[in-house]
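Encoded as structure tokens, the structure appears first; notes follow it.
The values are calculated or read from the model by the stated rules, or taken from the named source; none is laboratory data. No experiment lies behind these values; they were computed from the predicted model shown. Reconstructed Cβ throughout: ideal geometry from the backbone, glycine too, with neighbour counts over all protein chains shown. These accessible areas exclude ligands, DNA and RNA; they are computed on the full protein's heavy atoms, side chains included. Shrake-Rupley method; radii C 1.70, N 1.55, O 1.52, S 1.80 Å.
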Amino acid sequence: MDPLGTLSSLLRKSSVGDQVILELDLDHSVLSNAPANPLEAFKLINAPSMRALRDGLQAAATDPAVSGLILHLGTCPITAAQCCELADLVAGFGEHKPVWAYTESFGEFSSGLLPYTLAAHAEKVWVQPSGELTLGGVRTQITLLRGVFDKVGLEPQFGQRKEFKTAVDTYAAHEISAANTEMMQQIANSIAHWAVDTIAQRRGRTADEVWASVDAGGLTPDEAVAHGLIDRIGYRDEVYAEARRAWGGEQAGLRFVHRYGKVSAARELVQARTKPAVAVVEVRGAIVSGRPQRQAGGQPMAASEVVCQHLRAAAADEQVKAVVLRVDSPGGSYIASDAIRREVLRLRESGRPVVACMGDMAASGGYFVSMPADEIVAQPTTLTGSIGVFAGKFVTTEIKEKLGLVLSDVTAGAWASFMSANSGFSDEQWAALDRRLDAIYADFTGKAAADRGMALDVLEPLAHGRVWTGVDARQRGLVDHLGGMGAAIDRACALAGLRRDDVAVRAVSMLGFLKQFRPAESSESVSGSMVTAAARFDLDSLVEMAAARLGLAATGVLSVPFGIEVHAGLGR
């Protein structure tokens, strides 16, 4: 008798018959990370996790009961990195079973380039008769707020290293610099050319033919068929009816990919504790020192103490044979990033390989914590690099005068007002700030060169605060492979000398957000990320909150330019 098998059969979802057509409906969000709290989990109850999709498609590919997969793009509220990862999963499943993609429209007076790039990995692409195909291209956006600050009475005083560290431009520049334009144009070009080349390869077209479709603007369904980019025109019911006829599954039931599975949660939990493990440690959100504290805007944070504890826990767990460091972060604190880097190096010294897996963004501090890994995996659209530094403050004296507020510093010590918003930098303070920026930039570039095995004179020109896409970063040696979590896990297994099928993949903390309620027994314990500090409420904090709402709040000197926005039909 197999107790686990019996338990698995009891917990498995209700049967849909002998034949199954799988569905992947992207009108729902896709979770790359576990929900941060029970309320978020409830809101996203129908949103599949990327891991569930990855495991489900891998198992279903060789299951004779599965007839094929229907991929519904819909509104496609996913990120660019998720699009890339799903494309790889769909292509892998398509090597074994038929995959059809359909949508109501690829764009509606807007670009649908990345959703169509995903759809192109299917065997057939359908579009609704009233829909359109607008490949459109890629649009990046630069935000400069200096004119607004001048009007309201905020004076930004910031220094940067170097010209591509355009977070400073966002705050302080009245005009878009040549370096900013060059960087943003390269990002747009890189993503657009990658998408066009991918579509051309998947659809059997030339790149020039696909570019002609991009430049044609909105195509009607008939025109899209003539361009060789759409195979069939029809509504949802026609797609499903034709799929059943073509796949010999007239009576086939339907099941979402994430509801399909051969292993129950109970069995998976047991296996995770009995097999050799690849542990996943997350660096998600702005990187901050110490314990998590309330952040303006309510964005996720990667607190250095929590991340470092998780890395130490992985090193102390004899079952953990390799680690995937999942990084989706715009960076932040230099001190916190350096502490995390140190723990990654110590983990490698324990004999366990570490593979960094970058999400939509792993730049500045996000790159700092990734670069010491044995290997780095990034998506083609990942924004990474930004090896640079900036620091400064907003001087709020004018806006306070306009509001009739009197706030005056009373100090004891020559440097007590160094970062005070009530006064500007003196010449001596500017000199001190410049020395610190130079030192941090030299440390960043020196460590990046050492970690990546590059000469400093080769690495440094790639720095200057410049943001690269994953495609461009790989060409320049800043990352090693293009792919997502599946590729990162495969590389971790290969480096550890393990077969992928023999390995359990698990988070360091198996209890997710419930772990937050268990008190830590020591600094070596794995603890949660409960917020520990009360929020301030004063004028300066209101300025910070407003900046966060605009996506402009910096959490440290290793922060990525917050003005970067990329639009290609998906989440930014």
If we keep only residues of segment 203-236 that are hydrophobic (A, V, I, L, M, F, W, C), part of a helix (DSSP H, G or I) and more than 17 Å from residue 115 (Cβ to Cβ), then the residue farthest from the chain's Cα centre (by Cα) is 226
Filter segment 449-488 for residues that are among the acidic types (Asp, Glu) and part of a helix (DSSP H, G or I); the one that is surrounded by the most Cβ atoms within 10 Å (Cβ to Cβ) is 472
Only one of 117, 103 is free of Cβ contacts under 8 Å to residues at least 60 places away in the same chain, open to solvent by less than 10 Å² (accessible area, probe 1.4 Å), polar (S, T, N, Q) and touching a helix residue (DSSP H, G or I) at 6+ places or on another chain (Cβ under 8 Å), namely 103
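Could we say that residue 280 is modelled with pLDDT of 90 or more, open to solvent by less than 20 Å² (accessible area, probe 1.4 Å) and within 25 Å of residue 482 (Cα to Cα) here? Let's see the steps before the verdict.
Details: modelled with pLDDT of 90 or more: yes; open to solvent by less than 20 Å² (accessible area, probe 1.4 Å): no; within 25 Å of residue 482 (Cα to Cα): yes.
Answer is no for this residue.
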For residue 71, indicate whether it is over 22 Å from residue 192 (Cα atoms) and of a type in the set (A, V, I, L, M, F, W, C). yes
Of the residues in segment 431-448, those that are exposed (fewer than 14 other Cβ atoms within 10 Å of the Cβ) and either in contact with a helix residue (DSSP H, G or I) (Cβ under 9 Å, 6 or more places away or on another chain) or not in a helix (DSSP H, G or I) (or both) come to 446
When restricted to 188, 200, 241, 192, the only residue over 30 Å from the mean Cα position of the chain (by Cα) and not in a loop (DSSP other than H, G, I, E, B) is 241
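Being part of a strand (DSSP E or B) and either among the hydroxyl-bearing types (Ser, Thr, Tyr) or under 24 Å from residue 193 (Cα atoms) (or both) is the filter here, so list the residues in segment 128-171 that pass it. So that I can check it myself, show each step before the final result.
First pass over segment 128-171, keeping only residues part of a strand (DSSP E or B): 133, 139-141, 155-161.
Those that are part of a strand (DSSP E or B) and either among the hydroxyl-bearing types (Ser, Thr, Tyr) or under 24 Å from residue 193 (Cα atoms) (or both): 133, 139, 140, 141.
Does residue 502 satisfy the criteria of being open to solvent by 20 Å² or more (accessible area, probe 1.4 Å), in contact with a Pro (Cβ under 9 Å, 6 or more places away or on another chain) and farther than 22 Å from residue 378 by Cα?
Yes, satisfied.
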Just to be sure, is residue 369 touching a Gly at 6+ places or on another chain (Cβ under 6 Å) and among the hydrophobic types (A, V, I, L, M, F, W, C)? no
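So if I check each of 246, 172, 226, 241, which one is open to solvent by 10 Å² or more (accessible area, probe 1.4 Å), under 30 Å from residue 469 (Cβ atoms) and small (Gly, Ala, Ser)?
Numbers: 246 fails: under 30 Å from residue 469 (Cβ atoms); 226 fails: under 30 Å from residue 469 (Cβ atoms); 241 fails: under 30 Å from residue 469 (Cβ atoms).
Exactly one residue qualifies, and that residue is 172.
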**Message:** So for segment 421-437 (the condition being at negative phi, among the acidic types (Asp, Glu) and modelled with pLDDT under 90), does at least one residue qualify?
**Reply:** no
